[in-house]
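The values are calculated or read from the model by the stated rules, or taken from the named source; none is laboratory data. Bear in mind the structure is a predicted one, so any value in this text is a computation, not a measurement. Here the Cβ positions follow ideal geometry from the backbone for every residue, glycine too, while neighbour counts run over all protein chains shown. These area figures cover heavy atoms from the full protein model, side chains too; ligands, DNA and RNA do not enter into them. Shrake-Rupley method; radii C 1.70, N 1.55, O 1.52, S 1.80 Å.
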Amino acid sequence: DYQPNSLARSLITKQSYTIGLVLPDITNPFFPAVARGVEDVAHRNGYNVILCNTDGNPQKEASYLRLLRSKQVDGVIFTTTQVNAKHVEQLLDGGVPVVFADRRVKIDCDSVVADNIEGAYQATQHLIGLGHSAIGIITGPQKVTTGAERIDGYKRALQGNGIKIRDELIMEGDYRQHSGYRHAKSLLQLATPPSAIFACNDLMAIGALVALEEEGIRVPEEVAVVGYDDTLLASVARPRLTTVAQPKYEMGTMACDLLIDRIRAKDRPTQQVILQPQLIIRESSVVKESKGKEKLAWA
């Protein structure tokens, strides 16, 4: 039953065999899937994970990073919506490797991201293909790369099909359910409301579904809804949610693999891994006829 002294071991090896995982909102089902991927790879390689939930609060982030430095973690994985570059540079200057997951940054670090422009393009193109031209979008925060890239994909699809971009159909959300609810209500109050809503994550899409139900609007017969992420919520919502699937677990495993490789070889070239999303079509965007054909019921 001998238990090795981890502190003594770290003094000898100069490693704590601990990594930090900094994420913005553990209640968002996207992030636990990423965290599971990180933890599985860390465990296989003999590392422990310290989970830090910042709630998007810069002060909380700073407090957690001080804690991680005091614990002498061997590396840190960031998935936060807002990252203070100064904090990251302090880690790097102190010899602590950093990897970003689901975020593009200007700092020279390893990263694993999904192609958000392509994912949003697929979602919007799907709605256009069903005959929708008035497509509202509830974006993520525009100062976050995922938010900016997804609206870029939305605009590219509209422009590629000769559809005018209507600024009043663009609502900036915060990736939380209530913002999807609130902005869906605003879209419905427009003089010419949209016939479809693309919410840039599943939580906001669920909020939009609640708003539509309260207004007595049938989905997808009167308004189609598409989300993003393909979390568990998408498959249990009623109607089941059409959404863009991100390889969440794989994003976590690859981010942890990159971090451990960096810990072992700090001078290797920086890597950026880009994963491909996939549109998953369910009941919230199309109605099935008796013979199984798709139709647009609201037209």
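Tabulated results
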item	result
Cα-based convex hull volume of the range 160-224 per residue, rounded to whole Å³	94 Å³
Fraction in percent of alpha-carbon pairs per bin - 10 Å, the range 72-131	19, 40, 19, 14, 7, 1
Ratio Rg/Rh [Cα only; Rh per Kirkwood] for the range 102-237	0.97
Cα centroid separation, the range 188-247 to the range 70-99 (Å)	36 Å
When the range 212-252 is reduced to its Cα atoms, the Kirkwood hydrodynamic radius in Å	11.3 Å
Accessible area, probe 1.4 Å, largest first, for residues 266, 143	143, 266
Modelled FRET efficiency - R0 41 Å, residue 271 with residue 161, Cβ distances, 0.05 increments	0.70
For the chain, the spread of Cα positions along each principal axis, largest first, Å	71, 40, 33
Which listed pairs, of 164/185; 143/248; 106/266, have C-alpha distances above 24 Å, in listed order	none
Sum of -39500 (n - 2.57) over DSSP H runs of 4+, divided by residues of the chain (222 nm, nearest 500)	-12500 deg cm²/dmol
Choice from 106, 86, 185 with maximal GNM fluctuation in the chain (Cα, 10 Å cutoff)	106
Interatomic Cα distance distribution for the range 33-82, bins of 5 angstrom, percent	4, 19, 28, 24, 18, 6, 1
Near-label residues of the range 63-88 by backbone N, under 19 Å of a point 7 Å along Cα→Cβ of residue 48	64-77
